[in-house]
Amino acid sequence: MRRMKRSAVRRALGFAYAKASGGSMPVSITFITTDRCNFDCSYCQIPHAPTPEMSTDDFKRAIYEFCRHGLTRASFSGGEVMLRRDTVELVTYSKSLGLFTSLNSNGWSTGRHLDELAGVLDMLVVSLDGDREAHDAVCRRPGSYDRVLDLLSDARDHGISTATISVIGPWNLHLLDDLMATASRLGAWAYFQPAQADCYDQSAGLTGGLGASEIHALANALERGLARNEPIAASTGYLARLKQAPKFTSCAKCAAGRFFASVLPDGRVVPCHLTSERHHYPSGLDVGFVKAFNALPRPSGDGCAISPYQESDLIFSLDRNAIQAALRRSIPSSASAYRVMKSAILR
Ligand code: SF4
Ligand code: SF4
């Protein structure tokens, strides 16, 4: 325990120094372990051009290297991350190093692994893109909505905190209240973000049919949800950024590449997966993962509205409300847990 405390203090001091000196520190890394996916969501291009994948040992090496240089949070994402057989092993390894662990999944097969993930996975984030009809249509996978709901409920029973992430486009803008109510009922935090036209390039902007007025409608609906005490994961800072649509913020000022970053399946280290220059970044396999991170140039562009990235940027900018929202999310959705208990009692 004393060792963990010492390590937390060392990390906090390291972050304070990096922040004050204009330096960088890999506090939070998303390991995109695969581009492969068993879904074909209408707004997503990721599975269409899969990149080669590093081995389990390579990913462990990356995690270990980052951990020695300040890593606090390891997130695992895809594609569909559960298509890799080593996902539970990588999460377990990260937890053994004392990291906060999170996993993004489409929820199709994750339910089979909950026994193994319980105790090592801190946060499970599952895609939820509408009611049954809309979700299954967007994912082009009948039955996926029911699997997501079952998974959220089972994960909660296994003591794993959960969140939904809803990619919003013209196809589900009218379902925001439904999405909030579903997350609330299942004791999950709810992230929302507008759909990008190109998952690999922030400069392509938002998907067709999403203009400033639609994004304002999204921000206003989330604001109303927060006022109703719905378990909205967003901070007010994120909502303020949404209201700047159609441009959001500046990539050059973003903490991506300074305090958080992504490792692509083939080992390249990038500020975020939307960086259009990603082909030019070196692989951690060639130069070392921390070295690749430390050499990241400032990305360029007009920013994005990717909710977890923007929340991270706000946290690393020391935005008080974003830090409060993050602390709120780290307590297993207390408001919604209360609601779940209440509805169970009243049933
Ligand atoms: S959004 Fe996620 S689940 Fe859907 S196709 Fe893309 S990677 Fe797969
Ligand atoms: S704002 Fe940050 S996370 Fe978003 S595209 Fe730019 S660098 Fe990436």
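A short reminder: the numbers here are calculations on the coordinates, not readings from a lab. The shown structure was predicted, so the numbers you read here are calculated from the model rather than taken from an experiment. Here Cβ is always computed from backbone atoms with ideal geometry, including for glycine, and neighbour counts include all displayed protein chains.
Tell me the relative contact order for the chain as a rounded percent, counting alpha carbon contacts under 8 Å between residues six or more apart.
Details: 649 pairs, mean separation 60.8, N = 347.
Contact order relative to length: 18 percent.
Straight-line reach from K243: which aspartates and glutamates have a Cα under 18 Å away, not including same-chain ones fewer than 8 places off?
List returned: E214, E223, D302, E311, D313, D319.
Sort 119-132, 186-199, 41-54 by packing, meaning the average of other beta carbons within 10 Å per residue, with the highest value first.
Details: 119-132: 21.6, 186-199: 23.3, 41-54: 16.4.
So the peptides 119-132, 186-199, 41-54, ranked by packing, come out 186-199, 119-132, 41-54.
On full extension of the chain, what length is gained from S317 through S42, given 0.36 nm per residue of separation minus the C-alpha to C-alpha distance? Mind dumping the intermediate values first?
Numbers: separation 275, 0.36 × 275 = 99.00 nm, distance 3.35 nm.
Length difference between fully extended and current span is 95.6 nm.
Going 7 Å from the Cα of K247 in the Cα-to-Cβ direction, what parts of region 203-228 have a backbone nitrogen less than 16 Å from that spot?
203-206, 212
Can you find, among Y17, M123, T56, the residue farthest towards the positive end of the dipole of the chain? Put +1 on the C-beta of Lys and Arg, -1 on that of Asp and Glu.
Y17
Only Lys, Arg, Asp and Glu count, each charged at its Cβ (+1, +1, -1, -1), so figure out the dipole size of the chain about its Cα centre, rounded to 20 debye. Numbers along the way, then the final one.
Details: 39 positive and 34 negative charges, 334 e Å.
Here the chain has a charge dipole of around 1600 debye.
For every helix of n ≥ 4 consecutive DSSP H residues, a contribution of -39,500 (n - 2.57) applies; sum these over the chain, divide by its total residues, and give [θ] at 222 nm rounded to the nearest 500 deg cm²/dmol. Working shown, then result.
Working: 14 runs with 146 residues, N = 347.
The per-residue figure over the chain is -12500 deg cm²/dmol.
Please sort 73-86, 262-275 by packing, taking for each peptide the average over its residues of neighbouring beta carbons within 10 angstrom, highest first. Walk me through the numbers on the way to the answer.
Details: 73-86: 21.4, 262-275: 23.1.
So the peptides 73-86, 262-275, ranked by packing, come out 262-275, 73-86.
Using 20 Å as the cut-off for backbone N distance, which residues of region 239-273 belong to the label zone defined by a point 7 Å from the Cα of D302 along Cα→Cβ?
239-256, 272-273
When a/c is below 1.5 the answer is rounded, else prolate if a/b is larger than b/c, else oblate, so apply that to region 124-239 with a ≥ b ≥ c taken from the square roots of the Cα gyration tensor eigenvalues. Write down the numbers at each step before the final one.
On the way: a/c = 1.79, a/b = 1.28, b/c = 1.40.
In terms of gyration-tensor shape, oblate.
How many nm is it between the label spots at A16 and A326, if each spot is 7 Å from the Cα in line with the beta carbon?
1.6 nm
Length gain on complete extension for the stretch S213 to A240, per 0.36 nm per residue less the alpha carbon to alpha carbon distance?
Details: separation 27, 0.36 × 27 = 9.72 nm, distance 1.40 nm.
Working it through step by step, the gained length comes to 8.3 nm.
Could you tell me how far the Cα centroid of region 282-296 sits from the Cα centroid of region 218-248, in Å?
35 Å
So for the pair N294, S109, with labels modelled 7 Å out along Cα→Cβ, what separation do we get in nm?
It works out to 3.9 nm between the two label points.
Ratio of alpha-carbon Rg to the 2.2 N^0.38 Å globular estimate for region 27-346, to two decimals, please. If you can, show how the numbers build up before the last one.
Numbers: Rg = 18.2 Å, N = 320, 2.2 N^0.38 = 19.7 Å.
Cα Rg divided by the expected 2.2 N^0.38 Å: 0.92.
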